[in-house]
Amino acid sequence: MTVTIRLETAVDAPNVFAVEAAAFGRPAEAELVEKLQQAGVDTISLVALLDDALVGHVLFSPVIVKSDEGEFTAVALGPVAVSPDHQKEGMGSALCRQGLEACREAGYELAFVLGHPSYYPRFGFTPSAPHGLRCQFEVPDEVFMVLELMPGALQNKRGTVYYHPLFSGV
């Protein structure tokens with residue numbers, strides 16, 4: 001069995017929807033991915049193929065960080081999904097790592113994630129609140145994390161992180 005990770009193409013959309021819905025046990029995340037792409041939001045979207053079957057997906061989308069001093073753009077990881085019959089095989093981690101590298105190459109300096117506090121630190125994410133960065137959504141501090149994609153990027157960065165409005169529906 002050979003795993004390949006590559007950029008998503010338009011042909012992948014139905015399989016991405018199926019993987020997202022199966023992994024989360026509901027269609028909300030799959031619908032979010034579909035709506036972001038239909039809206040033309042500039043995303044970084046990778047898929048994992050096992051032999052020729054699409055079994056995983058990760059999406060990174062832009063966020064705006066606003067403060068009294070101004071605003072800047074960063075990127076947010078999520079959702080990430082792996083088919084239930086292929087979870088715990090390292091595909092989700094591989095998708096996240098390769099996606100974070102693609103974000104670096106695209107010039108993003110910071111990445112945020114709203115997710116499980118015991119999973120995402122393996123990629124270098126740490127709680128964002130101690131850095132003066134908060135999520136627009138009311139969430140516990142330990143589940144909203146940040147990662148420097150460029151060394152020193154957190155210096156003098158403060159504010160509230162705003163996701164694309166479509167995220168409010170999830």
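Some points to look at:
- Extension gain for Lys66-Lys88 works out to 4.3 nm (0.36 nm per residue, less the C-alpha to C-alpha distance).
- The chain - share of DSSP beta bridges that are antiparallel (%, nearest 5): 85 percent
- Positive-pole candidate from Ala106, Met91, Val161, dipole of the chain, charges at beta carbon: Val161
- Between the exposed loop cleavage positions of the chain, defined as trypsin sites (Lys or Arg not before Pro) in a non-H, G, I, E, B DSSP state with at most 16 neighbouring beta-carbon atoms within 10 angstrom, the longest gap is 1-87.
- Ignoring lysines fewer than eight residues from Lys157 along the same chain, the ones with Cα atoms less than 16 angstrom from its Cα are Lys66.
- Segment Ala18-Asp42, extension gain: residue separation times 0.36 nm, minus the distance between their alpha carbons: 6.5 nm
- Over the chain, Cα pairs under 8 Å with separation of 6+ residues give a relative contact order of 22 percent.
- Structure-based [θ]222 nm, the chain - -39500 (n - 2.57) summed over DSSP H runs of at least 4, per residue, nearest 500: -7000 deg cm²/dmol
- Pairwise FRET efficiency - Glu101 versus Val139, Cβ, R0 = 22 Å, nearest 0.05: 0.25
- Of Ser118, Ser61, Ser93, the residue with the greatest mean-square motion in the GNM of the chain, using alpha carbon springs below 10 Å, is Ser118.
- Distant-in-sequence amide H partners of Gln136 (H built 1.01 Å from N, under 5 Å): Val161, Tyr163
- Cβ-based exposure ranking for Phe72, Phe144, in which fewest neighbours within 10 Å come first: Phe72, Phe144
- Most mobile of Asp141, Asp42, Asp68 in a GNM of the chain (Cα contacts under 10 Å): Asp68
- Unit charges on C-beta of K, R, D, E only; dipole of the chain, Debye: 300 debye
- All aspartates and glutamates inside 19 Å of Lys35 as judged from Cα atoms, apart from same-chain residues fewer than 8 positions distant: Glu8, Asp12, Glu20
- The alpha carbons of segment 50-170 occupy a box of 49, 30, 25 Å along the principal axes, longest dimension given first.
- Of all the options Val63, Val41, Val113, the one that moves most in a Gaussian network model of the chain with Cα springs shorter than 10 angstrom is Val41.
Each value in this text was obtained by applying a stated rule to the coordinates, not by laboratory testing. Values in this document were obtained by computation on a predicted structure and should not be read as measured data. Please note: Cβ atoms are built from the backbone with ideal geometry, for glycine as well, and neighbour counts cover all protein chains shown.
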